[in-house]
Amino acid sequence: MKTTTFPDLTAPASNIILGLMRITEMSDDDIRALVGAARDSGITFFDHADVYGGAPHVCEQRFGDAITLSPSERESVIIQSKVGIRDGFWDFSREHIVESAEQSLTALGIETLDILLLHRPDALVEPDEVAAAFDELKAAGKVSAFGVSNHTPMQVELLKKSVTQPLLVNQVQLSITHANLIAAGVSANMNGLDQSIDRDNGILDYSRVNDITLQAWSPFQKGFFDGVFLGDREHYAELNDVIDELAAAYSVAPEAIAVAWITRHPANMQVVLGTTNPRRVRDSAAGSDLPLTRQEWYRLFTAAGHLLP
Ligand SMILES: NC(=O)c1ccc[n+]([C@@H]2O[C@H](COP(=O)([O-])OP(=O)(O)OC[C@H]3O[C@@H](n4cnc5c(N)ncnc54)[C@H](OP(=O)(O)O)[C@@H]3O)[C@@H](O)[C@H]2O)c1
């Protein structure tokens, strides 16, 4: 398992993350089996959000009820959560950020969140409020580090007018098939190509320039929660042919190839898995450090329908 380190965090950060958005209906035993498969595969990083589970803190509470970490286990993992999405509105006020982070700690049954992300950009964001909340949480030892999710470069810059805590992470949607943040740059400056439309104002290059780690959510989804491309031969026959060929060549499952397409990128991204299936966790983790060649990476890119102009 490939790992990196983040400032202010002692545990190594695996480049594969287990996301816990889909555990609402799972039993405690099944959650333990899922988390156990992740730990056995070398995954040290767990992703939550206050909003997962349909009501505030439901999935965090499911995790907290099922998983008891000894002090040494707690020191060897990174637990991340998010704040900002509320029922019908988004809220980056100081009061809400602090209150929700404290409720996340209670639900998860831990003393400190390793990383707290702002979930989706709040149209009414006031950077001073965010800065005050982050400083308060950091000073109280309740959050060690901070980041954002689904933020454009200028939204990050706006926050940085007031926020002095480093923003380490931007969690964004990325899979082979939902890859505009990579594909737009490949077809820069082309007339009349949909792929050339930059939908995020250069998140990829901005993050590389500023050492912000991108975390890829929904790595197997075709688009926005509309099913997985793996095995979808009706819409992605060529892509599945290439994935299956490479999976056989590397003696791994197709999930590992889909993961490796992201981890092979030199931006050192992390991949946030959403599976609830321990076998798929293990199969996906095999893509952590799988050395796809440049040619193989581009074959997957074009087989998914992206163009090389
Ligand atoms: N920051 C954000 O805005 C944001 C948004 C969404 C999600 N997230 C994070 O990202 C994580 C991952 O998101 P996601 O769950 O959408 O990602 P995903 O891993 O692309 O999708 C997981 C879903 O796909 C199914 N699946 C995976 N491989 C499959 C296969 N080979 N065949 C059939 N079904 C397959 C899983 O079913 P099984 O459970 O049966 O394997 C599960 O329902 C979440 O847990 C959350 O932590 C963040």
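Assuming residue 217 fulfils every condition listed in (1) within 20 Å of residue 148 (Cβ to Cβ); (2) away from the ligand (no atom under 15 Å from the Cβ) apart from one, which condition is it?
All conditions are met except number (2).
Considering only residues that are in contact with a strand residue (DSSP E or B) (Cβ under 9 Å, 6 or more places away or on another chain) and in a loop (DSSP other than H, G, I, E, B), look in the range 70-97 and name the one that is farthest from residue 13 (Cα to Cα).
91
For the range 98-121, does any single residue satisfy the condition of being modelled with pLDDT of 95 or more, at positive phi, surrounded by fewer than 22 Cβ atoms within 10 Å (Cβ to Cβ) and in contact with a strand residue (DSSP E or B) (Cβ under 8 Å, 6 or more places away or on another chain)?
No - not one qualifying residue is present in the range 98-121.
Restricting attention to the range 65-100, which residues are closer than 16 Å to residue 165 by Cα and away from the ligand (no atom under 15 Å from the Cβ)?
94, 97, 98
Filter the range 241-268 for residues that are closer than 14 Å to residue 176 by Cβ, crowded, with 18+ Cβ neighbours inside 10 Å, within 13 Å of the ligand (Cβ to nearest atom) and not β-branched (Val, Ile, Thr) and give the result.
247, 254, 255, 256, 258, 261
Residues of the range 125-177 being part of a loop (DSSP other than H, G, I, E, B) and more than 23 Å from residue 271 (Cβ to Cβ), which ones?
Once the filter is applied, which keeps residues that are part of a loop (DSSP other than H, G, I, E, B) and more than 23 Å from residue 271 (Cβ to Cβ), the range 125-177 yields 125, 126, 140, 141, 142, 161, 162, 163, 164, 165.
Give all pairs with beta carbons closer than 7 Å in which a residue from the range 272-294 that is within 11 Å of residue 38 (Cβ to Cβ) meets a residue that is among the β-branched types (Val, Ile, Thr) and away from the ligand (no atom under 12 Å from the Cβ); count only pairs at least 6 apart in sequence or on separate chains.
Correct list of pairs: 285/43.
Being surrounded by fewer than 14 Cβ atoms within 10 Å (Cβ to Cβ) and farther than 18 Å from residue 264 by Cα narrows it down to one of 229, 224, so name that one.
224
Free of Cβ contacts under 8 Å to residues at least 60 places away in the same chain and of a type in the set (Gly, Ala, Ser), is that true of residue 183?
Judged against the criteria, residue 183 is not a match.
Please return the ranges of helices (runs of 4 or more DSSP H) entirely within the range 202-309 where 1 or more residues are touching a His at 6+ places or on another chain (Cβ under 9 Å) and more than 25 Å from residue 49 (Cα to Cα).
The helices (runs of 4 or more DSSP H) meeting that bar are 294-303.
I need every pair where a residue in the range 16-43 that is in contact (Cβ under 8 Å) with a residue 60 or more places away in the chain has its Cβ under 7 Å from the Cβ of a residue that is open to solvent by 10 Å² or more (accessible area, probe 1.4 Å) and among the polar types (S, T, N, Q), sequence separation at least 6 or different chains.
As it stands, the answer is 22/276; 23/276; 26/276; 34/276, since those pairs meet every condition given.
Within the range 34-69, can you find the residues that are small (Gly, Ala, Ser) and surrounded by 18 or more Cβ atoms within 10 Å (Cβ to Cβ)?
Scanning the range 34-69 gives 37, 38, 41, 49, 53, 64, 66.
The values are calculated or read from the model by the stated rules, or taken from the named source; none is laboratory data. The structure presented is a predicted model; accordingly, all values stated were derived computationally and were not measured. Cβ coordinates were reconstructed from backbone atoms using ideal geometry, including for glycine residues, and neighbour counts include every protein chain displayed. Keep in mind that these areas ignore ligands, DNA and RNA; they rest on the heavy atoms of the full protein, side chains included. Shrake-Rupley method; radii C 1.70, N 1.55, O 1.52, S 1.80 Å.
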